[in-house]
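The structure appears right after this line, and notes come after that.
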Amino acid sequence: MGNVSILQCLALHVCKGLGVATIKALQAKCDLSSLFELSLKDLKQLGLSDTLAQQLHHIDWPYLRRVAAQCTQLDIEIISYFDTRYPPLLKEIASAPLLLFCKGNTQLLSQPQIAIVGSRNATATGLQIASDFAYQLNQVGLIVTSGLARGIDGAAHKGALAHSGATIAVLGTGVDIVYPRRHNILYQQVFERGLLVSEFLPGCGPQANHFPRRNRIISGLSLGVVLVEAEIKSGSLITARFALEQNREVFAVPGSIKNPLSQGCHYLLKQGAKLTECAEDIIEDVSFLSQNGLYSIESVMKNDSPQEDCPVLQNLGFEVTSIDTLTQRTQWPVERVAARLLDLELEDKVERVLDGYIKLARG
């Protein structure tokens, strides 16, 4: 875990706008544990903005000690980016979370996972497919990861837990919060026989912008993402898009052209997702990935230069610009542009809209 204590990691975690890329850049310049003893002037000399320097200079240590004590009390383990238990695949994504708050069996994090996601308003058929796939994937030793939401997510967790299987639920709330409430029993089962994970502090309630962030972790932990039913504008499609940006496999289950819940899957199939009719279609692909070294998936090239010099930001205006246009303007490979946009989106510098991205005034 390097020389950074959990308390110091919590301090870095609560600084708004301080991502893993910046932390790694700081680590190259100084000992992270000494950051908190530096003067404002010294912090700025490291290249930090005034806002970040102020935050690091005024850490509320008593509050963080209370958070750490609360985690101990609630059996929440904190795994930092520098911990050997941090999942290797997740480390490779753009904007990997600095901390994971975990309840349950943390050993599952390093096991091969497949994500199953889909609509909250799924059909009976969709729920059955998600549950069957999860059960069969579990039988061959793959952990099923999802987001504990209503619909497909819940069905996937239940299918994985059938006959003593294990599953990972990534939450968009603090790991101690049951959301939605109706999943109280399922939450307990995942805790007892699987793992609950979140990047949000304990006690943090559901907020709309937390769920897309949660989705990048679901896909980041997994070798591939299976989409069972999804509307064209849905969180599941965001997860699938993250999966593509993270160089993961995307599997889509086709459905009736008259069912709006098939539109998202059909859209992904047109984009090159693998048409998936049975669990074997997934297992076949994933065993190929495993033979090629389970955790040696190529991570996308990342640009860690300061944002001001970032070609993606320079080529983005306040009008909607597509990824294709940005790829032409920057002369970067598309996956590198996509990874950079995700970084900028998490830093509130850009916003993803229907046909591309726009720059935010505060960026």
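When Arg248 is evaluated against the numbered criteria (1) touching a helix residue (DSSP H, G or I) at 6+ places or on another chain (Cβ under 7 Å); (2) modelled with pLDDT of 95 or more, which criterion, by number, is the only one it fails?
(2)
Are any residues in the stretch 230-253 charged (D, E, K, R), open to solvent by less than 20 Å² (accessible area, probe 1.4 Å) and not in a helix (DSSP H, G or I), and if so, which ones?
Arg248
With respect to Ile78, determine if the residue is among the β-branched types (Val, Ile, Thr), in contact with a Cys (Cβ under 9 Å, 6 or more places away or on another chain) and surrounded by 13 or more Cβ atoms within 10 Å (Cβ to Cβ).
Yes; evaluated as a whole, the condition is true for this residue.
Going through the stretch 140-154 one residue at a time, which ones are among the β-branched types (Val, Ile, Thr) and not in a loop (DSSP other than H, G, I, E, B)?
Residues satisfying the conditions are Ile143, Val144, Thr145, Ile152.
Please specify each residue of the stretch 43-67 satisfying the condition of being touching a residue at least 40 places away in the same chain (Cβ under 8 Å) and either over 22 Å from Leu99 (Cα atoms) or buried (at least 16 other Cβ atoms within 10 Å of the Cβ) (or both).
Gly47, Gln55, Leu56, Ile59, Leu64, Val67
For the condition open to solvent by less than 30 Å² (accessible area, probe 1.4 Å) and part of a loop (DSSP other than H, G, I, E, B), what is the one hit in Ala134, Ala122?
Ala122
What residue, of Ser33, Ser5, Ser39, is among the small types (Gly, Ala, Ser), more than 25 Å from Asp348 (Cα to Cα) and loosely packed, with under 12 Cβ neighbours inside 10 Å?
Ser39
Quick test of your reading of the structure: Glu192 fulfils all but one of (1) open to solvent by less than 60 Å² (accessible area, probe 1.4 Å); (2) charged (D, E, K, R); (3) more than 18 Å from the chain's Cα centre (by Cα). Name the failing condition by number.
(1)
Search the stretch 202-225 for residues being among the hydrophobic types (A, V, I, L, M, F, W, C) and touching a helix residue (DSSP H, G or I) at 6+ places or on another chain (Cβ under 6 Å), and hand back the single one that is surrounded by the most Cβ atoms within 10 Å (Cβ to Cβ).
Here the answer is Val225.
Hey, among the residues in the stretch 92-110 that are open to solvent by 30 Å² or more (accessible area, probe 1.4 Å) and modelled with pLDDT under 95, which one's nearest to Leu196 (Cα to Cα)?
Applying the filter and picking the extreme gives Ser110.
Looking at the stretch 325-350, which of the residues that are among the charged types (D, E, K, R) and more than 15 Å from Arg241 (Cα to Cα) is most open to solvent (accessible area, probe 1.4 Å)?
The residue in question is Arg329.
The values are calculated or read from the model by the stated rules, or taken from the named source; none is laboratory data. What you see is a predicted model; the values in this text were computed from it and never measured. Please note: Cβ atoms are built from the backbone with ideal geometry, for glycine as well, and neighbour counts cover all protein chains shown. Quick note on the areas: whole protein, heavy atoms, side chains included, nothing else; ligands and nucleic acids left out. Shrake-Rupley method; radii C 1.70, N 1.55, O 1.52, S 1.80 Å.
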